[in-house]
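Undergrad: Can you keep this structure in mind? I'll have questions shortly.
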Ligand SMILES: Cc1cc2nc3c(=O)[nH]c(=O)nc-3n(C[C@H](O)[C@H](O)[C@H](O)COP(=O)(O)OP(=O)(O)OC[C@H]3O[C@@H](n4cnc5c(N)ncnc54)[C@H](O)[C@@H]3O)c2cc1C
C-alpha cells in the first residue's frame, strides 16, 4: 500500500469544473498562494495539494468523494494541521479537504450531558462552551487551542488529564462519517451506552483519516469538577521524580494530571516558570487533583508527603490560579521551544508500563550518548507517556539518529510499552510500524482499509 502521485489521476480543468458545479465555486480553491499553508502539518513534511476544498457541509464532502472515485484522485482530510506525523500532508497530491470551516457547536445539552459538534471546532472552544454550562469535556492535548475536535477523534488525542479521564476515545459516543465511497453513515449512539453491531465508532476513532471523513461528533460531557489544586515538586534527577510518580500512582490517589520535564527542558524554559529554584533542579513534576473543595486539599497534602519521601529539592503548592495557568502555558509551549532551538528535531511519544518509567528514563542518557542525540523528555508521567524530543546540532547525522530512535523504540517494546501513545503513525512513523505490529496484524488492518476504501483514494500512503 504505497501509492505515489503517479498512481493517481492529476486534477484537470475538467475535474475542477465538475467539482465547482457539484459543490459550489466558493468551496474550491485553486490559487497556489492559498494552497501553500495546506501542504504541511506540524512536522517538516510538505507536499503542495493540487486543489483545496474548504467544505461547509457533509453533502459537499459526499460529492467530492464520489468524483474522487470516478476520476481516481486522492483526498487528504485536514483539521487544523497540528498533527505530528504528517497525517494531514497531501503526499500524493490531489485534493486537500479542509474541515476548518465546519466549526459550529450545534448543541451543548446539559440534560443529556452531550455535545454535538462539527469536526472543525477548536477543542478549547468546546471545553469553554461546556464549562459555561457547568459541564466538562476533559481531553486536553497541549495543542488544545489550535487543534480541532475532528482531528482529535481521528488521532485519538490524549493530554494531561488522560490519567484520570481517558483519551478522546472515551468521549466519542457517535460519529457521522462520509465513507470513501461518498456514502454517509451514522456510527455509534447519542446515549451513554450502545452495543448494536460492530463498534465502527471506535474503529474510526484513531484511524487517522484513512477510513472516513468525520463530519459530526456526538460527544460525552461530564459534570465540571468544582475545584482544582496543583503541586510542584522539583527533584535532583529524573529517576527520583519517576520513582515518586510510581509511588503516587500506587498510593490509592487518582490525580487529574502528573506532568514532568527533564533537566534539558528546564534549562530551555525554566526561566519562564514563575518560581525560584528551578534552574538548580534536574526534574520537574506537576501534580494536580480536582474534585470537591476540602477533599482535594487533603489529597494534595498527602501527595506532597509522598513526593517528600523521594528526596526532592523542593515541594510546594502552586500559589494562585494565575501562576498555575502560567505553568501550564510553559508546559504546553515546551515542544515549540525545543523545535525552534534545534536544527534537527524528531518528536517521539512512547509509553512504558507505569511500574517501569524510572527504569526506562535511566537508560536514556546512555542511548543518547551512543547515537549522538540530545533527548529532551517531558510529558504525561502519570500515563507512562514520555515525549522524547530527539534533537541534534546538525542534520548530517540523520542516519545515525534514526538508528538511535529505533534502539530507543526497541527498548520501549522490550519493556512491554508502545511506540506511540498519542501522535499516531501517519507518514512519519510508518516505517516503524513493523517494530510493534506483526505481519498478520498489519495485513488484517490493510484488509480493513480495503473494505472501506477499495480504490485507495482517502489519505493514501498513511499508516501502512
Ligand atoms: C504544540 C503541540 C502540542 C501537541 N500536544 C499534543 C498532546 O498533548 N496530545 C496529543 O494527542 N497530540 C498533541 N499534539 C498533536 C496534535 O495536536 C493532535 O494530533 C491533534 O489531534 C491534531 O488535530 P488537528 O485538528 O490539528 O488535525 P490535523 O493535523 O489536521 O490532522 C491529523 C490527522 O487527522 C486526520 N483528520 C483531521 N480531521 C479529520 C476529520 N474530520 N475526519 C477524518 N480525519 C481527519 C488527518 O487526515 C490527519 O491524519 C500536539 C501538537 C502540537 C503542535
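The values are calculated or read from the model by the stated rules, or taken from the named source; none is laboratory data. Here the structure is a predicted model, which is why all the values come from computation and not from measurement. Here the Cβ is made from the backbone with ideal geometry for all residues, glycine too, and neighbour counts use every protein chain on show.
Undergrad: Which one of these is in contact (Cβ under 8 Å) with a residue 40 or more places away in the chain and within 21 Å of the chain's Cα centre (by Cα): 135, 126, 106?
TA: From the options 135, 126, 106, the qualifying one is 126.
Undergrad: Continuing with the same structure: Being within 13 Å of the ligand (Cβ to nearest atom) and assigned to a strand (DSSP E or B) is the filter here, so list the residues in segment 162-174 that pass it.
TA: 172
Undergrad: Looking only at segment 400-423, decide whether some residue is surrounded by fewer than 16 Cβ atoms within 10 Å (Cβ to Cβ), farther than 29 Å from residue 207 by Cα and more than 16 Å from the ligand (Cβ to nearest atom).
TA: Checked segment 400-423: at least one residue is surrounded by fewer than 16 Cβ atoms within 10 Å (Cβ to Cβ), farther than 29 Å from residue 207 by Cα and more than 16 Å from the ligand (Cβ to nearest atom).
Undergrad: Considering 407, 392, which residue is touching a helix residue (DSSP H, G or I) at 6+ places or on another chain (Cβ under 9 Å) and over 17 Å from residue 339 (Cα atoms)?
TA: Working: 392 fails: over 17 Å from residue 339 (Cα atoms).
Selected residue: 407, the only one of 407, 392 that is touching a helix residue (DSSP H, G or I) at 6+ places or on another chain (Cβ under 9 Å) and over 17 Å from residue 339 (Cα atoms).
Undergrad: Exactly one of these conditions fails for residue 267: (1) in contact (Cβ under 8 Å) with a residue 40 or more places away in the chain; (2) closer than 23 Å to residue 357 by Cα. Give me its number.
TA: Just one mismatch for residue 267, condition (1).
Undergrad: Got a sec? Which of 144, 177, 195 is over 18 Å from residue 259 (Cα atoms) and part of a loop (DSSP other than H, G, I, E, B)?
TA: 195
Undergrad: May I pose another question? Might you check whether a residue that is assigned to a strand (DSSP E or B), out of contact with any helix residue (DSSP H, G or I) (no Cβ under 9 Å at 6 or more places or on another chain) and either in contact (Cβ under 8 Å) with a residue 40 or more places away in the chain or within 23 Å of residue 115 (Cβ to Cβ) (or both) occurs anywhere in segment 219-229?
TA: yes
Undergrad: Select, from 422, 447, the only residue that is assigned to a loop (DSSP other than H, G, I, E, B) and within 30 Å of residue 68 (Cβ to Cβ).
TA: Details: 447 fails: assigned to a loop (DSSP other than H, G, I, E, B).
One residue alone meets the criteria, 422.
Undergrad: A follow-up question, please. Taking segment 192-203 on its own, how many of its residues are under 22 Å from residue 113 (Cβ atoms) and surrounded by 15 or more Cβ atoms within 10 Å (Cβ to Cβ)?
TA: 2
Undergrad: Give me the residue from segment 281-294 that is exposed (fewer than 13 other Cβ atoms within 10 Å of the Cβ) and in contact (Cβ under 8 Å) with a residue 40 or more places away in the chain and, out of that set, farthest from residue 321 (Cα to Cα). Explain how you work it out, then say what you get.
TA: Pass one, segment 281-294, residues exposed (fewer than 13 other Cβ atoms within 10 Å of the Cβ): 292-294.
This time we only want the ones that are in contact (Cβ under 8 Å) with a residue 40 or more places away in the chain, so: 292-293.
Working: 292: 17, 293: 15 Å.
This residue is 292.
For (1) out of contact with any strand residue (DSSP E or B) (no Cβ under 6 Å at 6 or more places or on another chain); (2) near the ligand (Cβ under 6 Å from one of its atoms); (3) at pLDDT below 95, each residue gets a yes or a no:
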position: 133; (1), (2), (3): no, no, no
position: 136; (1), (2), (3): no, no, no
position: 151; (1), (2), (3): yes, yes, no
position: 156; (1), (2), (3): yes, no, no
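Undergrad: With segment 273-360 as the region, which strands (runs of 3 or more DSSP E) entirely inside it contain at least 2 residues that are more than 30 Å from residue 433 (Cβ to Cβ) and in contact with a strand residue (DSSP E or B) (Cβ under 7 Å, 6 or more places away or on another chain)?
TA: 283-291, 314-317
Undergrad: Quick check on residue 213: is it surrounded by 17 or more Cβ atoms within 10 Å (Cβ to Cβ), within 16 Å of the ligand (Cβ to nearest atom) and within 16 Å of residue 308 (Cα to Cα)? Before you say what the answer is, go through the steps one by one.
TA: Working: surrounded by 17 or more Cβ atoms within 10 Å (Cβ to Cβ): yes; within 16 Å of the ligand (Cβ to nearest atom): yes; within 16 Å of residue 308 (Cα to Cα): no.
No.
Undergrad: Now for a separate question. Can we say residue 119 is more than 8 Å from the ligand (Cβ to nearest atom), at pLDDT 95 or above and part of a loop (DSSP other than H, G, I, E, B)?
TA: no
Undergrad: Tally the residues that are without any contact (Cβ under 8 Å) to a residue 60 or more places away in the chain, at negative phi and crowded, with 18+ Cβ neighbours inside 10 Å, restricting the search to segment 369-385.
TA: Of the residues in that region, 2 qualify.
Undergrad: Follow-up question, since we're still on this one. Limited to segment 66-94, what total is found for residues that are in contact with a strand residue (DSSP E or B) (Cβ under 9 Å, 6 or more places away or on another chain) and within 12 Å of the ligand (Cβ to nearest atom)?
TA: Residues that pass the stated criteria total 17.
Undergrad: Do you know which of the residues in segment 46-78 that are closer than 30 Å to residue 340 by Cβ and assigned to a strand (DSSP E or B) is nearest to the chain's Cα centre (by Cα)?
TA: 78
Undergrad: Filter segment 95-115 for residues that are farther than 30 Å from residue 8 by Cα and either within 14 Å of the ligand (Cβ to nearest atom) or modelled with pLDDT under 95 (or both) and give the result.
TA: Hits for segment 95-115 are 103, 104.
Undergrad: For the list (1) modelled with pLDDT under 95; (2) outside any loop (DSSP other than H, G, I, E, B); (3) surrounded by 14 or more Cβ atoms within 10 Å (Cβ to Cβ), I need the number of the one condition that residue 43 fails.
TA: Among (1) modelled with pLDDT under 95; (2) outside any loop (DSSP other than H, G, I, E, B); (3) surrounded by 14 or more Cβ atoms within 10 Å (Cβ to Cβ), the lone unmet condition for residue 43 is (2).
Undergrad: Just checking, does segment 389-408 include any residue being in contact (Cβ under 8 Å) with a residue 60 or more places away in the chain and out of contact with any strand residue (DSSP E or B) (no Cβ under 6 Å at 6 or more places or on another chain)?
TA: yes
Undergrad: Provide a single number: the residues in segment 56-70 that are closer than 14 Å to residue 27 by Cβ, in contact (Cβ under 8 Å) with a residue 40 or more places away in the chain and surrounded by 18 or more Cβ atoms within 10 Å (Cβ to Cβ).
TA: Counting residues in segment 56-70 that are closer than 14 Å to residue 27 by Cβ, in contact (Cβ under 8 Å) with a residue 40 or more places away in the chain and surrounded by 18 or more Cβ atoms within 10 Å (Cβ to Cβ) gives 8.
Undergrad: Looking for something at pLDDT 95 or above, buried (at least 18 other Cβ atoms within 10 Å of the Cβ) and within 9 Å of the ligand (Cβ to nearest atom) - is there at least one such residue anywhere in segment 178-191?
TA: yes
Undergrad: Could you check how many residues of segment 321-350 are without any contact (Cβ under 8 Å) to a residue 24 or more places away in the chain and away from the ligand (no atom under 15 Å from the Cβ)?
TA: 3
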